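**Student:** Have a look at the structure that comes next, please.
What follows is calculated from the coordinates using simple rules that are stated; it is not laboratory data. This structure is a prediction, so every number in the text was calculated from the model and none was measured. Glycine also receives a Cβ, built like all others from the backbone with ideal geometry; neighbour counts cover every protein chain displayed.
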Amino acid sequence: MASSPITIRPVRTGSDRKTFVDFAWEVYRDDPCWVPPLKDEVHGLLNPRKNPWFGHGRAELWLAERDGKTVGRISAQVDDLVQVHMEPGTGQWGMFEALDGEAAAVLIATAEEWLRGQGMTKAIGPISISIWDEPGLLIQGFDEPPLVMMGHHRPEYRAWVEAAGYGKAKDLYTFELDIRIDMLPVIDRLIRAGEANPRIRIRNVDKSNFARDSAIILDILNDAWSDNWGFVPLTDAEIAYAGKKLKPIIVEDLVKIAEVDGEPVAFMMTIPDLNEMIRDLNGSLFPFGWAKLLWRLRKVTTRRVRVPLMGVRKSHQHGRMASQLAFMLIEFTRRVCVDKYGINFGEFGWVLEDNQGMMSIAQLPGAGINHTYRIYDKAL
C-alpha cells in the first residue's frame with residue numbers, strides 16, 4: 001500500500017516553532033544514548049531576537065508532515081561571514097531530523113531549493129546553526145551518549161544524506177581519554193621545562209573578571225583557528241553572548257590561560273559534562289529543573305569532562321613552545337581533574353581530520369577516537 005504524500009510547510013508561528021523543537025523527542029524516544037537538550041536553549045538558538053548569529057545570517061525552518069503528523073524537520077541558512085571566510089556561494093542546512101528516508105529526501109530537497117533561491121551554488125551540512133553550534137552528522141559512536149555541546153543522530157541518517165547526492169567534505173573527531181594515565185616521559189620533560197621557565201605563566205580564569213577573560217579566550221580562538229577549514233570568526237556580539245552562556249558552567253581551575261612575557265597567547269577550556277546534569281530534566285527547567293541544575297552546578301560531580309576549545313595564537317604556533325604550552329595546559333588541568341575532583345575520563349574535540357597539530361596533541365596516552373562526525377557537501 002502506497003504511503004500518503006509528504007507535505008512541507010515553513011515554520012511561521014510560535015506553535016510551529018514548538019513543534020519543530022519538540023520533534024526531536026519523537027525521533028529519539030527509544031534511544032538510550034540520546035540526551036534531551038534544554039528546550040529553552042534550542043529556542044534561543046533559533047530566535048533572531050536572542051541569537052546574535054542572525055546579525056550576519058538568515059535562516060528558514062520547515063516541518064515535514066504526513067497525514068497531519070510531523071515526520072521531519074530541517075533548517076537552511078546563509079551566513080554572510082561564510083561567504084567571506086570560507087567560500088562564496090556556500091549555503092548550509094541543519095537541525096535535520098526525520099522518521100524515514102522519504103521525509104529526509106523531501107526535506108533536503110526543500111532546503112536546497114531555498115539555498116538556490118538565495119543565490120547559493122553549494123550546500124554543506126548538517127550544521128546547526130553555525131560551525132560553532134553542532135556541526136556534522138554522527139557516523140561513528142552511536143553506543144555512547146554525547147558529551148555537552150555535541151550531537152547525537154540516528155544511524156540511518158548517513159544513508160539518507162548520501163542518497164541525496166552528498167559526499168564527504170570533512171570528518172571531525174572527538175577523543176576519549178583516561179586522564180589517570182601520566183604523560184609520556186618526553187612530554188613530561190617538556191612540561192617540567194615549561195614550569196621552570198619564568199617567561200611562562202599558566203593561570204586560572206577569573207570569574208570575577210569573566211567578561212575580560214572570556215573576551216581574551218575568544219580573541220585567541222579567533223586568531224588561532226583562523227586558518228582552519230570552515231572557520232567563521234565570532235563577532236563581538238557573539239563573543240559577549242557566548243561568555244554569558246558559558247559563565248554558569250565554567251569552573252575556574254578547569255579553564256586556563258597561558259601567558260608568555262605577560263601576554264595571553266594560549267588557552268584551554270575544560271567543562272564538566274553538562275549532559276550528565278540535565279539528562280533527567282527531559283529538556284525542561286520548569287517547574288523544578290532550574291533548582292536541580294543550579295544545585296548540581298555548585299560543585300563538579302560529573303563522571304567526565306570535555307575540552308571543547310583550545311588554541312594557541314598564530315604568532316606562537318611554530319616551534320617548540322606551541323607544543324609546550326599545549327601540553328602544559330593539558331597536564332595542569334589533568335592534575336586538577338584527577339586530584340581535586342576525582343574525574344577519570346575526558347573528551348577532547350572536535351578535531352578536524354587534517355589538523356595535524358591538534359591531531360598529534362590529541363594522540364595522548366590512553367586516548368582514542370570515540371565519535372566521528374561528518375560534514376557533507378554538494379554542488380547545487
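**Student:** Which one, 81, 105, 93, is farthest towards the positive end of the dipole of the stretch 68-107 when Lys and Arg carry +1 and Asp and Glu -1 on their Cβ?
**Tutor:** Farthest along the dipole direction, towards plus: 105.
**Student:** Sticking with this one: What ranking, highest mean first, results for peptides 75-85, 205-215 when packing means the other Cβ atoms within 10 Å averaged over each residue? Write out the running numbers ahead of the final one.
**Tutor:** Working: 75-85: 19.8, 205-215: 15.4.
Going by the mean number of other Cβ atoms within 10 Å, highest first, we get 75-85, 205-215.
**Student:** While we're here: Using +1 on the beta carbon of Lys and Arg, -1 on that of Asp and Glu, and nothing else charged, what's the dipole of the stretch 177-372 about the Cα centre, debye to 20?
**Tutor:** Using Cβ point charges on Lys, Arg, Asp and Glu, the stretch 177-372 gives about 680 debye.
**Student:** Whole percent per 10 Å bin, from 0 to the bin with the longest distance: what is P(r) over all C-alpha pairs of the stretch 125-168?
**Tutor:** 26, 53, 20, 0
**Student:** Then there's this: What does the C-alpha gyration tensor say about the overall shape of the stretch 7-171? Classify as rounded when a/c is under 1.5, otherwise prolate if a/b is larger than b/c, or oblate. Walk me through the intermediate numbers first.
**Tutor:** Numbers: a/c = 1.25, a/b = 1.20, b/c = 1.04.
Rounded shape, in that the Cα axes give a/c under 1.5.
**Student:** Here's a follow-up. Of the beta bridges DSSP finds with both residues in the stretch 7-171, what % are antiparallel, to the nearest 5?
**Tutor:** Looking only at bridges with both residues in the stretch 7-171, the antiparallel portion is about 90 percent.
**Student:** Under 24 Å from the Cα of residue 50, which lysines turn up, not counting those fewer than eight places away in the same chain?
**Tutor:** Once the sequence-local lysines are set aside, what remains near residue 50 is 18, 39, 207, 244, 245, 247.
**Student:** What is the magnitude of the charge dipole of the chain about its Cα centre, with +1 placed on the Cβ of each Lys and Arg, -1 on the Cβ of each Asp and Glu, and no other charges, expressed in debye to the nearest 20? Don't skip to the answer; put the middle values down first.
**Tutor:** Details: 46 positive and 51 negative charges, 191 e Å.
With only Lys, Arg, Asp and Glu charged at Cβ, the dipole is about 920 debye.
**Student:** Could you work out the relative contact order of the chain? I mean the mean sequence separation of Cα pairs under 8 Å and 6+ apart, divided by the number of residues, in percent. Provide the component values of the computation, followed by the final result.
**Tutor:** Working: 674 pairs, mean separation 87.7, N = 380.
Relative contact order of the chain: 23 percent.
**Student:** I've got another one for you. Counting other Cβ atoms within 10 Å of each Cβ, which GluC sites (Glu not before Pro) in the stretch 83-191 have at most 14 and sit in a DSSP loop?
**Tutor:** Details: sites: 97, 102, 112, 113, 156, 162, 176; in loops: 156.
Here the GluC sites (Glu not before Pro) that fit, given the DSSP loop and packing criteria, are 156.
**Student:** While we're looking at this one, here's another question. Can you pull out the GluC sites (Glu not before Pro) in the stretch 274-380 whose DSSP state is coil and whose Cβ has at most 12 other Cβ atoms within 10 Å? Intermediate results must be reported in sequence, preceding the final value.
**Tutor:** Working: sites: 276, 331, 347, 353; in loops: 353.
Answer by residue number: there is no such site.
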